Amino acid sequence: MPIPAKLLTRKDEITKDFLQLFEEHISALMSGQVQERYSASQFASLLFIAPGHLTNTIKLTTGKSPCDFMEERLLLEAQKMLQETNFICCRDRL
């Protein structure tokens, strides 16, 4: 059950908004709608906050930086793509 917006603190609101933007961006990357991944600065710009504030807030609320989220997710997506490939020689090495 989602937390009512009134009960969210500003740091929680920033985190929620970042995660939503992050998921939208990953979907756009994976579908080929965009060709380059956003930097923490670009996410911060979309949220109308300073890059350092975004990084500090996300790290405070999740224990990970925005870059950690991106790297982990891209590795996961790459693993999925490798598992779905027809190159049998590669599967046993993963």
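The values are calculated or read from the model by the stated rules, or taken from the named source; none is laboratory data. Only a predicted model underlies this, so the values are computations on that prediction, with no experimental measurement involved. Glycine gets a Cβ as well: all are built from the backbone with ideal geometry, and neighbour counts include every protein chain shown.
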- For segment 15-94, which fully contained helices (runs of 4 or more DSSP H) count at least 1 residues that are surrounded by 15 or more Cβ atoms within 10 Å (Cβ to Cβ) and at pLDDT 95 or above? 40-46, 51-62, 66-83
- Note on the structure: Note on Ala40: of the conditions (1) over 20 Å from Glu77 (Cα atoms); (2) small (Gly, Ala, Ser); (3) in contact (Cβ under 8 Å) with a residue 12 or more places away in the chain, unmet is (1)
